[in-house]
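Working notes, structure below.
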Amino acid sequence: MCPYACVWRVVMSAPMGSAGMADTPRTSVKRRAKMSDAAQEASFTYHAKMITYLLAWSLVSGLIIILNNWLMNYNDFPFPIALSATGPLFSWIVSAILVASGHTKLEREMTFKTWIRQVFPIGFFTAVTYATGNELYLFMSVSFIQMMKSLSPIVVLCLLVAFKLDVFTAPKLFGILLMTIGMLVAVHAEPSFSLFGLLLMLTGEAAEAMRMVFFQHLLGASQFGLIEGLFYTCPANFFFLCVGVALFEESELKKPENYNKVLSNPAPYFLVSALGFLVILTTLGVIQTCGSLTFKAAGQVRNIGIIVISIILFGDKVTVVQAIGYAINVCGFAAYQVVKTREDLQKLQKEFENSIDGDVDGGGSGQQSIYTSSSNSSNVNVNSKTPLLDTVGSPAGYGNTP
């Protein structure tokens, strides 16, 4: 998001002079000075928020990955679905406290029938995303999982094409080809590669994309805020994760040697649940402040950092061939994002021009048309309650899930 959109709204909403007349040369100079000061202030605020959110998100999302891996593989607690359930439970408790205390007001009432139709699918796909994401750490190394996450644009694009929301183009296919070649090189040199693990990752990425589609409908059409959205969605997430625990983990989890680990040392398990909540909030902050493209790029940088940390802490082995394959994969990811961003900007520009043409045809002045379109566009980006999605409605990316 560009910080100067906010400045444009402030400046254009200021009166131009008495009775709407144009500024005199003196007042025009003062207006330009105010515009410059406002632009500098907005730029400083924007960059301060951007750095803060990026650092916070990188820290908490990296910590939860490392902590989950430690609990499952080194603390001998191989229950990824149960660990995943702690995040939605903690998030709902926090959101319920905020609602009960009056800090957050429920702006929309939701009937049980509407909740079942709109929220229950979100709960299912979120549960699948979280469970498969954590299950991966039982089959492959942390470093290799971070490499494979670069394949998420391929999964998202294939789903969008399947639902006729996007089309294959030569530039996109070039980026996908690079990502595929890079991953094949990395997979060939990975001793811990698991086909079942790869299927888990693809399932999780597909569920994440579907979750975003339903989130767009819930938080977009219904205009729910984030905390309000958590208040309604987290019970559904927790329900489906509990179903997963009952089906796949309950018998082993009920053994004294397993649940006593939580009772004797609850701190790391409580920390996992708190980090899950913080990941949601900081993800929102990054996308709302910086936009999804910066978020995806930051995810790549974070993944590289996690790979380095996992080599140091867990002794993961990364060969030269793997590093080359991952580098090719990142290049393909960058090429795809450049093409996708260019398409998004063209769509936004076309919508902007159509808006201006509509205002002009409706009898408004050219300057007022520009202001109206800019203001509307800024409202979408600054005050939008659907920051988990790109402005054109495509999924915000794999980074939403740790």
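All of the numbers you see were taken from the coordinates with simple rules; none came from a lab. It should be emphasised that the depicted structure is a prediction, and the values quoted were computed from it without experimental measurement. Heads up, the Cβs are rebuilt from the backbone with ideal geometry, glycines too, and the neighbour counts pull from every protein chain shown.
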Pairs Lys105/Lys164; Lys149/Lys255; Lys164/Lys347; Lys113/Lys347: which exceed 26 Å Cα-Cα?
-> Lys105/Lys164; Lys149/Lys255; Lys113/Lys347
Taking the Cα-to-Cβ direction at Leu177 and at Asn265 and moving 7 Å from each Cα, how far apart do the two end points lie in nm?
-> 5.1
Theoretical gain in end-to-end length, Ser101 to Glu257 [0.36 nm per residue, Cα-Cα removed] | 52.3 nm
Long-range amide H partners of Phe77 with built H, under 5 Å | Met72
Amide proton proximity set for Asp166, modelled H, under 5 Å, gap of 5+ = Val161
Zone of Lys347 (label point 7 Å along Cα→Cβ, backbone N under 19 Å): which residues in segment 130-163?
-> 152-163
Any idea what the dipole of segment 42-375 comes to, in debye rounded to 20, about its Cα centre with Lys/Arg Cβ at +1 and Asp/Glu Cβ at -1?
-> 180
Relative contact order of segment 42-375 (C-alpha contacts under 8 Å, at least 6 apart) in percent is 35
Length released on extending from Leu55 to Lys164, taking residue separation times 0.36 nm less the Cα-Cα span = 35.6 nm
Student exercise, segment 75-226 dipole from Lys, Arg, Asp, Glu Cβ charges, in Debye to nearest 20 | 460
From the backbone phi of segment 153-158, what are the Karplus-calculated ³J(HN,Hα) couplings (6.51 cos²θ - 1.76 cosθ + 1.60, θ = phi - 60°) in whole Hz, Gly and Pro given as x?
-> x, 5, 4, 4, 4, 4
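Any idea what % of Cα-Cα pairs in segment 42-375 are farther than 35 Å?
Working: 15614 of 55611 pairs.
Summing the P(r) tail past 35 Å for segment 42-375 gives 28 percent.
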Report ³J(HN,Hα) in whole Hz for each residue of segment 325-337, in order, from the Karplus equation J = 6.51 cos²θ - 1.76 cosθ + 1.60 where θ = phi - 60°; Gly and Pro get x.
-> x, 5, 4, 4, 4, 5, 4, x, 4, 5, 4, 5, 5
Quick one: what are the phi-derived ³J(HN,Hα) couplings along segment 261-271, Karplus 6.51/-1.76/1.60 with θ = phi - 60°, whole Hz, x for glycine and proline?
-> 5, 6, 5, 6, 9, x, 4, x, 6, 5, 5
Beta carbons within 10 angstrom, averaged per residue: use that to sort the peptides 191-201, 344-354, highest first.
-> 191-201, 344-354
